[in-house]
Amino acid sequence: MTQAGVIGFCRFLRANGFSAGVTESLASAEVVRAVPPEDRDAVRWGLRAALSSSKEEWDSFDRLFDAFWNKLPQEQRRMQTKVTTEPRGFWALTGEPSDTARPSDREANRIAGASVYARLKKADFSEIPQSDQPALDQLAQRLLKQMSWRLSRRRKAAGLRGRVDLRRTIRANISRGGDPIQLRYKERRPQQARVVILLDVSGSMSLYSMFLLRFAHALHRHIARADTFIFSTRLVNIGGMLRSRKLAEAMKALAACPADWSGGTRIGGSLQELNARHARLLSRDTVFLILSDGWDTGDPGTLAAELRRIKDRVRKVVWLNPLLGLEDYQPLTRGMAAALPHVDVFAPAHSLESLLALEKHLRW
Amino acid sequence: MRDIEAVVRGFEASGYVLDRALATAVYLLIRLGKPLLIEGHAGVGKTEVGKVLASFLGVELIRLQCYEGLDVNSAVYEWNYQKQLLAIKIHEKTDEETIFSSGFLLERPLLRAIRATDNSPVLLIDEIDRADEAFEAFLLELLSDFQITIPELGTIRARHRPHVILTSNRTRELSDALKRRCLYHWIDYPVFEKELEIVRLRAPGVDRELGAQTVGFVQEVRNLNLAKPPGVAETLDCVHSLRALGKTRLDAEAAEATLGCVAKSVDDSAKIRAEGIDRILARAAR
């Protein structure tokens with residue numbers, strides 16, 4: 001009964017976006033055995049430690065815990081003790097949650113949404129034309145060839161050798177009495193480029209967002225160190241959804257992804273979040289791609305300052321603006337004007353052709 | 001014998017104010033032998049948990065500081081090449097077995113934690129988010145089996161499973177697989193009373209009023225959205241500095257003099273001054 005309750009709780013958490021899997025379920029069963037069952041707080045905190053794995057989950061845990069292990073008044077619980085034969089306090093009392101305590105699916109979603117995320121809006125992905133798929137895949141293939149194994153090629157060109165590998169040198173020279181006659185070298189491991197993509201999915205970009213997402217997905221399939229974020233008013237890491245999933249599945253996952261699809265834009269704030277939380281992704285071998293039209297409702301000063309910080313860290317900042325494809329477009333919006341001094345490459349991204357042209361900017 | 005209360009008291013005796021939620025996590029770390037991943041802002045005492053745990057349990061603390069490019073040679077083991085070369089020189093007929101024996105092995109933190117002979121040490125893996133993914137993957141293997149394979153020597157299995165604490169500043173997401181192996185705890189900035197309690201414990205002899213003023217001031221500064229918000233460590237720095245300067249209360253002048261303890265960049269200092277130190281102090285006093 002106790003175990004069933006815990007397992008039910010794990011399932012309830014999963015339905016609310018927790019990543020807790022079987023390992024966590026087992027761990028939580030151990031937790032329940034390890035802490036004094038009458039200490040409700042210890043049970044709560046123990047389960048929280050075992051079942052959450054990020055700040056977001058940590059923050060919403062308490063609410064979900066209360067929602068599941070109902071808040072029956074003390075008297076009512078005592079009534080239940082009489083009918084149950086197991087004398088094990090809290091768990092025995094609430095081992096199997098009552099129907100009234102189990103929130104309906106809709107309510108559960110509301111709990112998660114209200115706790116962590118801003119307004120949640122599901123966008124329909126069904127209207128994306130399928131005809132561009134092969135070309136997009138081909139593009140990804142070509143990008144892969146261009147971008148990967150950069151270091152290995154450079155090494156060959158410069159004729160550099162890696163560091164001496166002492167371990168293998170000694171091994172190789174034991175038969176010569178240990179004198180390091182024949183040196184062994186450590187190969188410099190060919191390193192792939194890193195790509196960080198920031199996709200604007202605010203209202204003004206909605207015509208392009210879906211197409212650009214497909215592009216990001218194609219990049220993810222071939223570049224191991226790619227990370228993609230979507231942003232409008234807040235930043236959401238979607239790298240995990242794009243990686244190792246078929247396009248259709250990824251799109252489905254994205255549709256369910258809590259983001260402010262087609263809402264307003266806070267580019268500066270989103271870049272700030274990127275700098276604050278994901279700075280490690282921005283290294284000297286990173287190409288930073290931002291796809292946005294530069295309509296920013298935030299402070300252009302923040303946008304400029306944060307973009308400068310990014311530029312200081314990465315190899316190249318590429319700003320793709322779909323509006324650049326228009327004949328008479330001038331980057332005059334406040335946000336765009338503030339950002340331009342810190343952009344290495346300013347390019348259009350309104351068609352597959354313009355995305356193909358992107359290739360030369362990802363090469364160095 | 002050890003229950004959650006004992007953990008709270010033990011940590012307090014070492015000068016660490018521990019709320020019961022974290023105490024529960026630490027208790028489970030000891031009971032279940034699972035690694036504990038602690039995340040939180042800079043300067044809230046994540047690393048300290050590991051240190052205090054070691055002194056609480058009366059065992060050795062083995063610390064591995066992570067950084068980008070951390071590799072097996074500096075985290076796990078390395079052969080002592082100089083010694084090997086010397087050995088080859090001195091004994092003409094040295095064979096491989098001799099120079100690849102444990103006498104020629106330099107233990108790095110992870111191997112040391114595995115080879116502990118007396119009891120389970122505390123292994124503190126600090127700022128795991130700074131290490132690269134490859135190292136994280138290696139760690140994964142270590143944390144599930146608690147064994148290390150050295151090709152020349154064979155597999156070394158832990159006689160006593162170390163108590164593992166990992167800390168992360170959240171500069172990047174850790175892999176799901178790693179998080180799955182760990183218990184998780186998020187340390188937030190402490191509330192006023194708790195932070196005051198920390199000041200009392202860590203800076204004994206400081207006037208209570210001065211402590212309260214400083215804590216209030218720093219807590220207000222945290223709301224200013226600085227690039228590097230001050231943590232508890234900064235509060236303590238500030239209190240110590242004020243005492244060194246012979247101040248008995250925190251006025252605008254004293255706050256200005258010790259601003260370097262609280263703000264760690266030009267931009268942040270400017271932001272605090274723009275907000276007005278007087279005004280922040282007034283808000284804190286309320």
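Between B:I125 and B:L64, B:I165, B:L166, B:T167, the built amide H atoms are under 5 Å apart, and every one of these is 5 or more places off in sequence or on another chain. Each principal axis of the Cα atoms in region A:3-80 has its own extent, and those three values, largest first, are 35, 23, 20 angstrom.
The fraction of accessible area contributed by carbon and sulfur in region A:3-80 is 54 percent, rounded to a whole number (1.4 Å probe; ligands and nucleic acids excluded).
Mean per-residue shielding of peptide A:20-29 is 2, counting Cβ atoms of other chains within 10 Å of each Cβ. Remark on A:F229: its backbone amide H falls under 5 Å from those of A:I197, A:L198, A:L199, A:I238, a criterion applied only to residues 5 or more positions apart or on other chains, H modelled at 1.01 Å from N. A cut-off of 5 Å between modelled amide H atoms, ignoring neighbours fewer than 5 places along the same chain, links B:Y77 with B:R108. Relative contact order, whole percent, for region B:4-187 stands at 33, derived from Cα pairs under 8 Å and 6 or more residues apart. Peptide A:5-18 has a mean shielding of 0, counted as Cβ atoms of other protein chains within 10 Å of each residue's Cβ.
For the pair B:N80 and B:A282, the difference between a 0.36 nm per residue extended length and the Cα-Cα distance amounts to 66.7 nm.
Centre-to-centre separation between the Cα atoms of region B:162-211 and those of region B:33-99: 24 Å. Model label points for B:A134 and B:D19, set 7 angstrom from Cα along the Cα-to-Cβ axis, are 4.0 nm apart. Where a ≥ b ≥ c are the square roots of the eigenvalues of the C-alpha gyration tensor, would you call region B:192-284 rounded, which needs a/c under 1.5, or, failing that, prolate if a/b is larger than b/c, or oblate? Prolate. For A:D344 and B:R249, FRET efficiency with R0 = 56 Å and r from the beta-carbon atoms, rounded to 0.05? According to the calculation, E is roughly 0.60.
Accessible surface for A:F229 stands near 0 Å², nearest 10, in the context of the full protein assembly shown (1.4 Å probe). When accessible surface is computed with a 1.4 Å probe, chains A and B are found to bury approximately 3700 Å² between them, both chains counted.
The fraction of all Cα pairs in region B:4-187 landing in successive 5 Å bins from 0 to the largest distance is 1, 8, 16, 19, 18, 14, 9, 6, 4, 3, 2, 1, 0, given as whole percents. Solvent-accessible surface of protein heavy atoms, probed at 1.4 angstrom with all chains present, puts A:E306, B:E141, B:E5 in the order B:E141, B:E5, A:E306, largest first. Peptide B:16-28 shows a mean partner chain C-beta count of 4 within 10 Å per residue C-beta.
The label point for B:R200 and the one for B:D176, both projected 7 Å from the Cα toward the Cβ, are 4.6 nm apart. Rounded to the nearest 10 degrees, the angle from helix B:192-202 to the longest Cα principal axis of chain B is 60 degrees. Across B:K228, A:K55, B:K271, the residue with the most accessible area heads the list, and the full order at a 1.4 Å probe is B:K228, B:K271, A:K55.
Measuring against 29 Å, Cα to Cα, the residue pairs B:K46/B:K83; A:K55/B:K194; A:K311/B:K34 contain B:K46/B:K83; A:K311/B:K34 as the ones spanning a longer distance. Between region A:1-75 and region B:117-134, what is the C-alpha centre distance in whole Å? A separation of 27 Å, based on Cα centres. Per residue, the accessible area of chain B comes to 45 Å², computed with a 1.4 Å probe over protein heavy atoms only. Each peptide in B:119-131, A:5-17, A:328-340 receives the mean, over its residues, of other Cβ atoms within 10 Å, and ordering these scores from highest gives B:119-131, A:5-17, A:328-340. Spin-label model, B:E60 to A:A253: label points 7 Å out along the Cα-to-beta-carbon direction sit 4.3 nm apart.
Within region B:72-101, the GluC sites (Glu not before Pro) that combine a DSSP coil assignment with at most 14 other C-beta atoms in a 10 angstrom radius are B:E92.
The values are calculated or read from the model by the stated rules, or taken from the named source; none is laboratory data. Remember, it's a predicted structure, so these values are computed and weren't measured experimentally. Backbone-built Cβ (ideal geometry, glycine too); neighbour counts: all protein chains shown. Side chains are part of the model used for accessible areas, which takes the heavy atoms of the whole protein and leaves out ligands, DNA and RNA. Shrake-Rupley method; radii C 1.70, N 1.55, O 1.52, S 1.80 Å.
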